[in-house]
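Reading through the structure tokens given below for one structure.
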Amino acid sequence: MSEQLKVGVAGLGLIGEVRARNIAQLPTARLRAVASRRAEVAKEVAQRYSADRFYTDYTDLFSDSELDAVIISTAVVDHVDHIIQAAARGLHIFVEKPVAFALADIDRAAAAVAEAEVYCQVGFQRRFDPGYVAARQQIEQGVIGRPVLFKGVSRDPFWPEKQDGPGYNTTFLDLGVHDFDLARWLMGSEVREIYATGATLVYPKLAEFGDLDNAVISLVFENGALGCIDLSRNARYGYDIRTEVLGDEGALLIGDLQQTSLITLTRQGVCHDVYPWYLDRFEEAFKIELATFVETVQSGQPPEVGIDEARRATQIGLAALESWQSKQAVLMVT
């Protein structure tokens, strides 16, 4: 497929608008249509990024016969239904993580994708961040020897309240799922055992939803390596994403709090800025992952980060949730 990939975007919240902008800027793609239940938002985004049309019903977007692919940036609880609809129309799919909060739902989505013989890439943008890509390459080259310890830090500066609610836990299944994916990817091994502890220390309302705002997760990998991840919703100083991989011959430190290459030194002290939010920290990665999605569809190659990868990360998140609730270590089912 040599011509531009005609793409639609379903869902125009914070990340959906970014997806529309990035697709519109890609020379290999064309933003054909956007959809939002908010008519004024759909119209405004379509005009801003020169989309040919806009919809207020997602079904109408999926039924657009001129689309080749769709980006699903709707609410997590709608992902599976939207994947099934898009696949039935023969559309290639890019969907935000997590695909769903239950393995059975992810399996339904995977079955629809397989039956329709379309591609589905999941939005684990950290895998496309230059720092993480370079780290993976150095691990494969043996620069730090054999990886033996993984350390992940994912700390949001606040709790995005609208993302939570009764019936699911977003700290393990939404925030932590990135680290669970990175742990498997960088360590080159599946997780065998997991133990999670945590508490609702800052946002009491989260307890009403069976959620928490701070957690620590210990991992044991199938190859015997160890891991530790800390998650938080109250990093008031900024968006803090860091990863360390210790090998038997060295270590890799990935990520930095500092956004701008400037340190100010005065009598009052030494200071620098920090990344305020994930859209700033992973701006380049968001662009690269969408460019990669378009490239894989056009080349006829399946995506590296498909539904199976997302399922495995979610499975770890569910095990962490079970461990936290039961206060016991959980053995992963392979």
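Computed from the coordinates by the stated procedures, all read-outs in this text should not be read as laboratory data. Please read all numbers here as calculations on a predicted model, not as lab measurements. With ideal geometry, Cβ positions are generated from the backbone for all residues, glycine too; neighbour counts draw on all protein chains shown.
Results, tabulated for the structure shown:
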read-out: Formal net charge of residues neighbouring I84 (Cβ-Cβ distance under 15 Å; K, R +1; D, E -1); value: -4
read-out: Kirkwood-type radius of the stretch 232-334, with distances r between different C-alpha atoms, in Å; value: 18.0 Å
read-out: Per-residue [θ]222 nm for the chain (sum of -39500 (n - 2.57) over DSSP H runs n ≥ 4, rounded to 500); value: -11000 deg cm²/dmol
read-out: Leading residue at positive end of dipole, the chain (Cβ point charges), from A100, P157, Q137; value: P157
read-out: Size of electric dipole in the chain: Cβ of Lys, Arg +1 and of Asp, Glu -1, about Cα centre, debye, nearest 20; value: 580 debye
read-out: Gyration tensor (alpha-carbon) shape descriptor, the stretch 89-157, a/c threshold 1.5; value: prolate
read-out: Whole-Å semi-axes of the stretch 109-204's equivalent ellipsoid (Cα gyration tensor); value: 27, 22, 14
read-out: Relative contact order of the stretch 25-173, pairs being alpha-carbon contacts under 8 Å that are 6 or more residues apart, as %; value: 14 percent
read-out: Measure of compaction for the stretch 1-114 (Cα Rg per 2.2 N^0.38 Å); value: 0.99
read-out: Range of Cα positions in the chain per principal axis (Å), largest first; value: 55, 52, 46
read-out: Nearby lysines by direct alpha-carbon distance to K287 (threshold 29 angstrom, same-chain neighbours under 8 apart not counted); value: K6, K43, K97, K151, K162
read-out: Positive-end residue of A112, I15, V70, charge dipole of the stretch 5-118 with Cβ unit charges; value: I15
read-out: Normalised contact order of the chain, rounded percent, pairs of Cα under 8 Å and 6 or more residues apart; value: 19 percent
